[in-house]
């Protein structure tokens, strides 16, 4: 395999000693080493998993969605599931826990890491909060975190704890319970409370702060949170680029500014459309309502180029540990934008193909080699999970940074 | 005296029982009550106090400066003295401690509360920091705080601890030691260290964070600092309005946003000029360099109206505890602007007169009354220090919020 020095931080050298069931070296034997899963999280918002897992749609619709999810599973190892309070618990006390659990389990069974999004947000929060006092809203929000984080522990161990706090207390499009309590607690105050509760309910979870605001506001907010002892595990950055690709310069500038904290960075909600660009004068993306936003061949080529460049820049940056394309498909995409990697009819766009080529090809490690007389083989591979196959036999292992020599016992497959 | 309900938070009712040296009530006697000092801090930047106190200028110049300071003392009870590191200690190890001490003492002897400005700032910081490593810069900065805050304790118990932190780590006009360490420590990190050191060296001092940025950036920064336990005693807001008076709406909006923290607010650096308005396209005020910026009669009237409105709005707001006009005189004013309340020749502008009328007249309490048969007199007055005069005799007292009846012993003046 060609050396890729720009991805050195994503790779490690691995030395394996292969022995048989009796402990004897498997010497001078050809083995195939296959990368089965990236350590890096390549994700999508994949809300359709709920219907697929619960099989609560007509058979033809189910088949269509299963086809879509197969395309997703062919490339991605990470998924975001929706926990918008307004939809998850439209009637107080009747959360969709079982439906979401089925979806999370369906994904987990297929080796997909699942993130819940979000636990706290002023948009799409429970409308029935409006009938409560601020004290009761806070209590309800903390109880919601406790219930859901506990219920999903083991299935979902990554959470967007709180979403869009920069604007939260000054959000003025409509009244909502979360803006009310954020005004009272302050930005750092509400983040602190919500992280403390989430951490308490799932001590091992990966907890994110997430925002679309990538200005100095968000930097100062993170700085304040960290100094106030908020246990942020990763910085979530949204990048809905309906108004045009940020480009290399802005992307690298954002990465540079948010790298100072020394925390992992997750690109949590990435959008690059294969349609026309939303006019720059639109301030709130939600205000752009058009009847049709077609995907066109020309713009699909542009999307593919932008997706490839952006993913490459992010994958090269050692701080970045996850990239999530927000809409896997144009079907049901936010704002009706052609934001997916596949079209409404599930046909893959060039952006899907280019990502697949990168993620499963160029950035993946699949080698064939021969063990030496001691049964040892060394290779350099991208971090993650691997299968080693030797004839009918297979053994799994992991490539991590700075690993020691690992002794693998080769047994007949299925043993 | 007319009731001024909009200033109720600045006033208190006071009941005094006056007795003579033998403890007998001074009954049915006319007394005069004179407001000698406001609790509210009406201040100016008054750097000329250094030359006046040290008498290190020619006699005619000294007389001119003394005249200026007399005008200052006629109205104001608070002064800001300069501690810009580049000027205070141009050569490492040779600080102007004695000169500044003389100035602070001169002011204190005249009942003026003195603030030191600033202990940490990227602009006008010591140029010799550039020769040091970041570790050494931090050490030098902390040592500077320790030395100066300790040296001035009792003379200066109010400090702008750190100035303009929002821009500090991204300040790119020129390299300087403080921007260097602020990049490394982060905004909240550097604030935290500097406040901790200042507090340690003068536990009873009033410590300010100060900024010209009044946007959401500064709000989030303060929020982070308070959640991180930084002991901020008052929020400092600069208001250099060379580009035009903010006006009531913006002023009230800023007050509203910065009131959420529950901390006192100090308007630390106020400028309203009596000249033409600086063009709005100037981003950094320092970039506006013109040979002459005259004070004109027409603009002096405008300045007087603006000063009167702004001071009234601020004095009405219960959170505000101090207003400092940055340049008392046009002579030597920042950017050469006609920013003073007096002209270059010490003649008072209408803004001076209007402020004097407010501070020493409308917002001051001077009453004459008669004690009752028990020697008791009650009045309502603005908070602060008072003299009670009865014939040849005088006694001092203070009006504070929610005070009990106070027993004053009237003795011959001078006893």
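Here the condition is being within 24 Å of residue B:328 (Cα to Cα) and in contact (Cβ under 8 Å) with a residue 24 or more places away in the chain; of B:54, B:134, it holds for B:54 alone.
Taken over region B:346-362, the residue count meeting the criterion of being touching a strand residue (DSSP E or B) at 6+ places or on another chain (Cβ under 6 Å) and within 16 Å of residue B:34 (Cβ to Cβ) is 1.
As a summary of the residue check, residue A:287 satisfies the conditions (1) touching a strand residue (DSSP E or B) at 6+ places or on another chain (Cβ under 8 Å); (2) outside the structural domain of residue A:113 (by TED's automatic domain parsing) except for the one numbered (1). Filtering region B:168-190 to residues that are at the interface with another protein chain (Cβ under 9 Å from one of its Cβ atoms) and crowded, with 18+ Cβ neighbours inside 10 Å leaves B:169, B:186, B:187, B:188.
From the list B:309, B:380, exactly one residue is surrounded by fewer than 22 Cβ atoms within 10 Å (Cβ to Cβ), touching a residue at least 60 places away in the same chain (Cβ under 8 Å) and in contact with a strand residue (DSSP E or B) (Cβ under 9 Å, 6 or more places away or on another chain). Which is it? Being surrounded by fewer than 22 Cβ atoms within 10 Å (Cβ to Cβ), touching a residue at least 60 places away in the same chain (Cβ under 8 Å) and in contact with a strand residue (DSSP E or B) (Cβ under 9 Å, 6 or more places away or on another chain) holds for just one of B:309, B:380, which is B:380.
Among the numbered conditions (1) more than 25 Å from residue A:212 (Cα to Cα); (2) buried (at least 21 other Cβ atoms within 10 Å of the Cβ), tell me where residue A:148 comes up short. Single failed check for residue A:148: (1).
No other residue among A:198, A:179, A:123, A:150 is closer than 19 Å to residue A:89 by Cα and touching a residue at least 60 places away in the same chain (Cβ under 8 Å) apart from A:198. Would region A:193-204 turn up any residue that is facing chain B (nearest Cβ under 9 Å) and surrounded by fewer than 21 Cβ atoms within 10 Å (Cβ to Cβ)? Among the residues of region A:193-204, not one is facing chain B (nearest Cβ under 9 Å) and surrounded by fewer than 21 Cβ atoms within 10 Å (Cβ to Cβ), which makes the answer no.
Checked against (1) closer than 26 Å to residue B:207 by Cβ; (2) touching a strand residue (DSSP E or B) at 6+ places or on another chain (Cβ under 7 Å); (3) not in a strand (DSSP E or B), residue B:318 meets all criteria but (2).
So, in region B:107-126, of the ones that are touching a helix residue (DSSP H, G or I) at 6+ places or on another chain (Cβ under 6 Å) and surrounded by fewer than 19 Cβ atoms within 10 Å (Cβ to Cβ), which residue ends up nearest to residue B:51 (Cα to Cα)? Ranking the qualifying residues of region B:107-126, first place goes to B:110.
For residue B:275, the criteria (1) within 14 Å of chain A (Cβ to nearest Cβ); (2) in contact with a helix residue (DSSP H, G or I) (Cβ under 6 Å, 6 or more places away or on another chain); (3) more than 25 Å from residue B:169 (Cα to Cα) hold in every case but one, which is (1). Among the conditions (1) more than 14 Å from chain A (Cβ to nearest Cβ); (2) at pLDDT 95 or above, the only one that residue B:284 does not satisfy is (2). Do the conditions hold for residue A:253, that is, is it away from chain B (no Cβ under 14 Å), surrounded by fewer than 19 Cβ atoms within 10 Å (Cβ to Cβ) and not in a strand (DSSP E or B)? Spelling it out, it is not the case that residue A:253 is away from chain B (no Cβ under 14 Å), surrounded by fewer than 19 Cβ atoms within 10 Å (Cβ to Cβ) and not in a strand (DSSP E or B). Filtered by the rule that a residue be more than 14 Å from every other protein chain (Cβ to nearest Cβ) and part of a strand (DSSP E or B), region A:209-249 gives A:210, A:234, A:236, A:237, A:238, A:239, A:240. Could you say whether any residue in region B:225-235 is over 20 Å from residue B:334 (Cα atoms), touching a residue at least 60 places away in the same chain (Cβ under 8 Å) and buried (at least 19 other Cβ atoms within 10 Å of the Cβ)? Yes - at least one qualifying residue is present in region B:225-235. From the list A:340, A:262, which residue is exposed (fewer than 13 other Cβ atoms within 10 Å of the Cβ) and under 22 Å from the mean Cα position of the chain (by Cα)? After applying the criteria, what remains is A:262. Is it fair to say residue A:63 is surrounded by 13 or more Cβ atoms within 10 Å (Cβ to Cβ) and assigned by TED's automatic domain parsing to the domain that holds residue A:129? The answer is no for residue A:63. Residues of region B:256-274 that are closer than 29 Å to residue B:296 by Cα and part of a strand (DSSP E or B): B:267, B:268, B:269, B:270, B:271. Could you tell me whether any residue of region A:27-41 is farther than 25 Å from residue A:408 by Cβ and either in contact with a strand residue (DSSP E or B) (Cβ under 7 Å, 6 or more places away or on another chain) or assigned to a loop (DSSP other than H, G, I, E, B) (or both)? Yes, the conditions are met somewhere in region A:27-41.
In region A:256-269, the qualifying residues are those that are in contact with a helix residue (DSSP H, G or I) (Cβ under 7 Å, 6 or more places away or on another chain) and away from chain B (no Cβ under 14 Å), and the one that is farthest from residue A:287 (Cα to Cα) is A:265. All of (1) within 29 Å of residue B:78 (Cβ to Cβ); (2) away from every other protein chain (no Cβ under 14 Å); (3) out of contact with any helix residue (DSSP H, G or I) (no Cβ under 7 Å at 6 or more places or on another chain) hold for residue B:164 with one exception: (2).
The values are calculated or read from the model by the stated rules, or taken from the named source; none is laboratory data. Remember, predicted model here, so these are calculated numbers, not experimental data. FYI the Cβ positions are ideal-geometry reconstructions off the backbone, even for glycines, and counts take in every protein chain you see.
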